[in-house]
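Have a look at the structure below, then the notes.
Nothing in this text is a laboratory measurement; each read-out follows from the coordinates by a stated rule. Every value quoted in this text rests on a predicted model; they were computed, and no experiment measured them. Here the Cβ is made from the backbone with ideal geometry for all residues, glycine too, and neighbour counts use every protein chain on show.
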Amino acid sequence: MEDNLLEALDKYVTDNGFANRSQAIRFLVEKNIAEEKWQCNHIVAGTVIIMYDQTRKDIATKLADIQREHQELILSSSQYYINHNFCLHIVTVMGMAYKLTELADRMTTIKGIKHGKLVMSRAD
């Protein structure tokens, strides 16, 4: 891989809080596959599942801000405190597939998110 591409990848790893290059590459490949599959106007329903360190108050604030910006897509939101450190945040969503993909990408790429995933099924 060229040096400038490796530098860009390292910056992406750092900016998005990935543990290493492999994790970032896996995320990007999965994201690309999902985007190809869900770049459509079908109405879908699903959930965005996020696990994060609840001691990082900035993450909860960023999640709340994003959810406020996309109220038209969000049906409900719940938080479950797994233990002293971890919070399981579940957002139930419905709308056009590509919009839900964009929303989930914004939420799951917040620096410090330990795990994030969008699960969707056609609803039309």
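Could you name the lysines in cross-link range of Lys57, using Cα to Cα under 30 Å and dropping any fewer than eight places away on the same chain?
Candidates past the 8-residue exclusion: Lys11, Lys31, Lys99, Lys111, Lys114, Lys117.
Decide, for region 1-94, between rounded, prolate and oblate: order the square roots of the alpha carbon gyration tensor eigenvalues as a ≥ b ≥ c, take rounded if a/c falls under 1.5, and otherwise choose prolate if a/b is larger than b/c, else oblate.
oblate
Assuming 1.567 mPa s and 4 °C, estimate D for region 41-124 with Stokes-Einstein, Rh taken as the Kirkwood radius over Cα pairs, in µm²/s.
Details: Rh = 12.8 Å.
D = 101 µm²/s.
Could you line up Ile25, Ile113 from fewest to most neighbouring Cβ atoms inside 10 Å?
Ile25, Ile113
Could you pull out the GluC sites (Glu not before Pro) across region 9-89 that fall in loop regions by DSSP (anything but H, G, I, E, B) with no more than 10 other Cβ atoms inside 10 Å?
Filter output for region 9-89: Glu72.
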